[in-house]
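In what follows, a single structure is set out as structure tokens and then discussed.
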Amino acid sequence: MAHPETNNTLGTLPTEVLLFIVNNLSQHDICSLCRTSQKIQYRVQPSLYTKIHFNPLRELILLPLIKLLKILIKRPHLGLLVQDITLTHGSKASMFRRPNYNTKALQHFIKELRLPFQDTWLRDVENQTTDSIVAMLLVLCPNLSSLAADHLYIDEPRIFGMLVRHLVQPQTDNPKSLLRNLRSLALTPHLDQFPEDEPNTDAMLPLFYISTLRHIKFTVDSPPQFTWPLSSPPTLENLTSMHLSRLREVQLGEVLACTKNLQSLTWNWVFDGGEEHVWMVNNGIFDLDRLGLALEHVRDSLVDLKLTADEANFFSSYADIEIQGSLKALARFPKLRSLHALYHFLLNQSPERYTDELHSILPQSLHHLTMSDEFSYGEGWEEQAQSDVIQKWWSHHLDCTPELRSLTIHATDKTYKWIIPGYALFQLGSQHGIDVQIDRKREKKERYE
């Protein structure tokens, strides 16, 4: 415990100096300091609650969150200070049994809200599902501007979606002010899917109606029929950055049509080559024409585009994929400066299917191009063929991509073979004033963390 004379000295310091000292202390030390002086506590509390990051062990992820919620229920003025919350976990995957926590205070608070889905929410809180507890942050932190939660907190966002849908309903008695400051929302459940899993579409689509959002990172399933949950589609005029996973190209346009000022888009196609779900859409066929058509909605605003792919399960195989069409629509994007795409999204699966030259796909405004090869271990391109395509593109470089400044290649062991011999790409880059970078990826990143 700090000496009383020390507390008196700290209490008389200018606020900027006091906060400078406090910001260099651990959160535990700050809490200890607050207990020694009410005056210091009053001045320091905003720095404790403005930005919150929980990163507990996997089996204890609910402990700090439930403690925080109980404090905010008891002292609602502290909830007004909270602006930024990040929820992650700090241990590898393992079988574990979560401790059972007392949630009576949380349940009493939910009862007082008198929401139409109250019974479902109470039952989930009693069962201590993480989603039902995370959802309480939206009510207790009305000035929240940023919320990020990883898969252990939000893997099945049922209650979260119900609450947001209720808040965005066009009814005068709904407290929309609870969402008035939310600018960034990142909910990242597992990409892995199994036959018994239900689509999360109904839970996730209401989140697009939060009109204040500027940055989102969502994983949304594609059901056979895509329908917005309210009578009209959302309007996302403030949204400038979007990261979407799992939503298929045939329905991506439904979302992009709601954005007018989107500048940065990351779209991650998730392929499941295992036992097919009854609700999955065109699982083994990838339609580049439909993807290009969807992207047309943001043609006039898009500056940065990243197109990637992942597997829904470890037993998936890209050899089962059939790629159709081309991305020639990108050539008409006037502001696109940075493009990151798989070889197969630009070149198709094989030379036999390669119908549009690379120089006829890329826009003239392009400054930076990154190519990656997640599909490289499937059938298709021979080693030298990919290099030949790039060399042919650069023979038209000044005509098709005069603003190009850099080319980055993310290569696995297979494609690394055709890049290095002769350093042909480095030589070509030097000739055309293009910075060439090659990153070698030796193994697939582990997702289960």
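The values are calculated or read from the model by the stated rules, or taken from the named source; none is laboratory data. The model shown is predicted, which means the values in this text are computed figures rather than measured ones. A quick note on method: Cβ atoms are made from the backbone with ideal geometry, for glycine too, and the neighbour counts reach across all protein chains shown.
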If you go through segment 324-344 one residue at a time, how many are at pLDDT below 95 and part of a loop (DSSP other than H, G, I, E, B)? 3
Step by step: first the residues of segment 132-163, then only those that are among the small types (Gly, Ala, Ser) and under 16 Å from Phe109 (Cβ atoms), then the one that is surrounded by the most Cβ atoms within 10 Å (Cβ to Cβ). Which residue is that? Ser132
So which pairs qualify, if the first residue must be in segment 309-330 and over 25 Å from Ile361 (Cβ atoms), the second must be modelled with pLDDT of 80 or more, the Cβ gap must be under 7 Å, and the two must be at least 6 apart or on different chains? Ala312/Val270
Considering only segment 1-34, how many residues are at pLDDT below 70 and not in a helix (DSSP H, G or I)? 3
Do we find a residue being over 30 Å from the mean Cα position of the chain (by Cα), loosely packed, with under 14 Cβ neighbours inside 10 Å and either in a strand (DSSP E or B) or at pLDDT below 75 (or both) anywhere in segment 428-447? no
Restrict the check to segment 295-310 and report whether at least one residue is modelled with pLDDT under 80 and touching a Leu at 6+ places or on another chain (Cβ under 9 Å). yes
Taking segment 396-412, which residues are modelled with pLDDT under 75 and surrounded by fewer than 13 Cβ atoms within 10 Å (Cβ to Cβ)? Leu398
Out of (1) at pLDDT 80 or above; (2) in a loop (DSSP other than H, G, I, E, B), the odd one out for His166 is which? (2)
For Tyr42, are the conditions met, namely being aromatic (Phe, Trp, Tyr), within 27 Å of Arg180 (Cβ to Cβ) and either at pLDDT 90 or above or in contact with a helix residue (DSSP H, G or I) (Cβ under 6 Å, 6 or more places away or on another chain) (or both)? no
